[in-house]
1. Restricting attention to segment 44-86, and to residues there that are hydrophobic (A, V, I, L, M, F, W, C) and in a loop (DSSP other than H, G, I, E, B), which single residue is farthest from Ser21 (Cα to Cα)?
2. Pick from segment 1-41 the residues that are in contact with a strand residue (DSSP E or B) (Cβ under 9 Å, 6 or more places away or on another chain) and of a type in the set (D, E, K, R): which of them is nearest to Thr77 (Cα to Cα)?
3. If you check Trp36 against the conditions, is it without any contact (Cβ under 8 Å) to a residue 24 or more places away in the chain, out of contact with any His (no Cβ under 7 Å at 6 or more places or on another chain) and among the aromatic types (Phe, Trp, Tyr)?
4. Of Lys58, Lys96, which residue is in contact (Cβ under 8 Å) with a residue 12 or more places away in the chain, surrounded by fewer than 21 Cβ atoms within 10 Å (Cβ to Cβ) and basic (Lys, Arg)?
5. Among the residues of segment 82-93, which ones are loosely packed, with under 15 Cβ neighbours inside 10 Å and of a type in the set (S, T, N, Q)?
Amino acid sequence: QVQLVESGGGLVQPGGSLRLSCAASESIRFIYTMGWYRQAPGKQRGWVAEITGGGSTKYADSVKGRFTISRDNAKNTVDLQMNSLKPEDTAVYYCKVVGPGYVYWGQGTQVTVSS
């Protein structure tokens, strides 16, 4: 069973930046999309951003212009650069990998934006 491990979360002040990374425990073939989701306390998990194997990206309106998703196909990693962070970005962030017949989720990493 492939495991996804996120890293890079932490506490940051409003306006600050963080970079999240997600790495697979083993090589994954035929990945469709890699993406990031987040879940704030008391709310449902929501989609943040995704990137295809060809490099096409999509973002939720709430993060567009502030977050950038990138991936390394050779290393099976996906990163999320988060700039101009706001308190409402506080959540547990999860990475997700989708392929033919499978969906993998990471265990999550906490991001807290507070002064």
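1. Initially, segment 44-86 is screened for residues hydrophobic (A, V, I, L, M, F, W, C), giving 47-49, 51, 60, 63, 67, 69, 74, 78, 80, 82, 85.
Still in the list and also in a loop (DSSP other than H, G, I, E, B): 60, 63, 74, 85.
Working: Ala60: 19, Val63: 17, Ala74: 15, Leu85: 17 Å.
Top of the filtered list is Ala60.
2. This residue is Glu6.
3. On the way: without any contact (Cβ under 8 Å) to a residue 24 or more places away in the chain: no; out of contact with any His (no Cβ under 7 Å at 6 or more places or on another chain): yes; among the aromatic types (Phe, Trp, Tyr): yes.
Taking the combined requirement at face value, the residue does not satisfy it.
4. On the way: Lys58 fails: in contact (Cβ under 8 Å) with a residue 12 or more places away in the chain.
It is Lys96.
5. Filtering segment 82-93 down to residues loosely packed, with under 15 Cβ neighbours inside 10 Å leaves 83-84, 86-88.
The answer is Asn83, Ser84.
Bear in mind that the values in this text are calculations on the coordinates, not laboratory data. Just so you know, these numbers come straight off a predicted model, no measurement behind them. Neighbour counts run over all protein chains shown; Cβ positions are idealised from the backbone, glycine included.
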